[in-house]
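Down below is the structure, laid out as structure tokens.
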Amino acid sequence: MNSMKGTVVTSAYPTLRLHTYVSPHDGWLVTTPIVEGPEKLVIFDGQLLNAYAEEVAAYAHSLRKPVERIIVSHAHPDHWAGLEVLSREFAQAPIGALPRVSAQIRAGGETMLARLRGLFGDAITTRVTVPTGNIELGEQTVAGARCEFRELSDVESDTQVLVLLPDQKVMMAFDTIYSATDHVPTLAGHFEHWLSVLADLKTMGEYDEIVIGHNAPTDRLAIDATAAYLHEARQIYARSKDAASYAGNLKAAFPDRAMPGFVDLSATLLYMTRPSTAA
């Protein structure tokens with residue numbers, strides 16, 4: 001694995017290990033967490049680019065345990081495009097998601113991929129892989145570990161899963177929480193409700209490690225950092241007349257944050273749907 005371009009952060013607990021693969025910047029720092037139990041693995045999310053999905057597969061194979069299942073956190077293609085690779089490498093593993101997530105991928109996957117192929121060309125898949133299994137909400141097990149699945153609405157995406165590992169004090173928040181070093185995609189425009197969800201998550205004080213959808217796992221300070229970003233983005237959106245002004249003002253407000261492409265993408269999508277009477 002010495003030639004791997006991505007990085008893996010591993011946290012060890014008495015009954016499991018959590019491996020979080022992080023792609024390089026050209027793969028948008030997308031994460032693929034792997035929960036390793038005593039006998040099996042569970043993989044979350046499938047990467048944006050096929051090359052980095054191949055790295056995830058190679059790393060999972062190196063753990064020498066069967067993959068119990070693959071779970072997709074939400075419908076944005078940077079988290080499922082690489083399922084073409086993972087479904088081939090782990091053909092026995094069912095792929096599951098929340099029902100609304102699967103429906104969104106089925107309905108809009110081709111359009112999403114077409115947009116991204118303009119950016120990434122042959123580096124990204126041409127095939128939509130739709131999850132076929134439904135995630136059941138509530139308490140269950142992941143690779144033998146006690147966990148809880150919850151559904152979040154109107155955050156970075158319209159629908160997303162939240163996974164809690166109470167014995168390990170790990171919250172898998174995916175794209176609901178972002179690193180304080182990176183820009184936050186605001187492409188769905190759910191400023192108000194997203195902020196209320198973050199406030200709710202902050203009350204869950206027992207979770208010390210937070211696994212996010214872009215960049216390495218972080219801590220509870222990232223909740224406040226994400227909220228501060230959204231407060232500023234909401235104000236900038238209210239006073240910006242078009243995508244260019246929104247992107248420019250937001251980058252100026254957070255000049256030291258990485259991943260400015262998130263701002264450009266968000267601005268494009270926000271202003272595709274913004275009413276013409278808006279400021």
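What is the residue count in region 155-172 for residues that are in a strand (DSSP E or B) and either over 19 Å from Val101 (Cα atoms) or at pLDDT below 95 (or both)?
Here the count works out to 3.
If we scan region 158-177, do we find a residue that is free of Cβ contacts under 8 Å to residues at least 60 places away in the same chain, under 19 Å from Asn215 (Cβ atoms) and not aliphatic (A, V, I, L, M)?
yes
Does region 121-137 include one or more residues that are at pLDDT 95 or above, closer than 30 Å to Arg234 by Cβ, among the hydroxyl-bearing types (Ser, Thr, Tyr) and buried (at least 18 other Cβ atoms within 10 Å of the Cβ)?
The answer is no; no qualifying residue exists.
Based on what the data block shows, is Ala143 over 19 Å from the mean Cα position of the chain (by Cα), more than 29 Å from His25 (Cβ to Cβ), buried (at least 19 other Cβ atoms within 10 Å of the Cβ) and at pLDDT 95 or above?
Here the answer is yes, as Ala143 does meet what is asked.
Please work out which residue is surrounded by the most Cβ atoms within 10 Å (Cβ to Cβ), limiting yourself to region 34-72 and to residues that are among the small types (Gly, Ala, Ser) and in contact with a helix residue (DSSP H, G or I) (Cβ under 6 Å, 6 or more places away or on another chain).
Only one residue fits best here, namely Gly46.
Anything in region 173-203 that is closer than 21 Å to Pro24 by Cβ and assigned to a strand (DSSP E or B)? List them, or say none.
Phe174, Asp182
If Pro131 satisfies all but one of (1) within 28 Å of Glu192 (Cβ to Cβ); (2) in a loop (DSSP other than H, G, I, E, B), what's the number of the condition it fails?
Looking at each condition in turn, Pro131 falls short on (1).
Restricting to region 96-125, and then to whatever is in a helix (DSSP H, G or I) and among the polar types (S, T, N, Q), can you tell me which residue is nearest to Trp28 (Cα to Cα)?
Restricting to residues being in a helix (DSSP H, G or I) and among the polar types (S, T, N, Q), the top hit is Thr111.
For region 59-96, enumerate the residues that are of a type in the set (Asp, Glu) and under 17 Å from Arg117 (Cβ atoms).
Scanning region 59-96 gives Asp78, Glu84.
Is it true that Glu84 is surrounded by fewer than 21 Cβ atoms within 10 Å (Cβ to Cβ), acidic (Asp, Glu) and closer than 30 Å to Phe262 by Cα?
Taking the combined requirement at face value, the residue satisfies it.
Test each condition in (1) surrounded by 24 or more Cβ atoms within 10 Å (Cβ to Cβ); (2) in a loop (DSSP other than H, G, I, E, B) for Ala93 and report the one that comes out false.
Among (1) surrounded by 24 or more Cβ atoms within 10 Å (Cβ to Cβ); (2) in a loop (DSSP other than H, G, I, E, B), Ala93 violates only (1).
Just one of Ala222, Ala247, Ala216 is of a type in the set (Gly, Ala, Ser), buried (at least 19 other Cβ atoms within 10 Å of the Cβ) and closer than 26 Å to Leu116 by Cα; which is it?
Among Ala222, Ala247, Ala216, only Ala247 is of a type in the set (Gly, Ala, Ser), buried (at least 19 other Cβ atoms within 10 Å of the Cβ) and closer than 26 Å to Leu116 by Cα.
The values are calculated or read from the model by the stated rules, or taken from the named source; none is laboratory data. What you are looking at is a predicted structure, and each value in this text was computed from that prediction instead of being measured. No Cβ is skipped: glycine too gets one built from the backbone with ideal geometry, and neighbour counts run over all protein chains shown.
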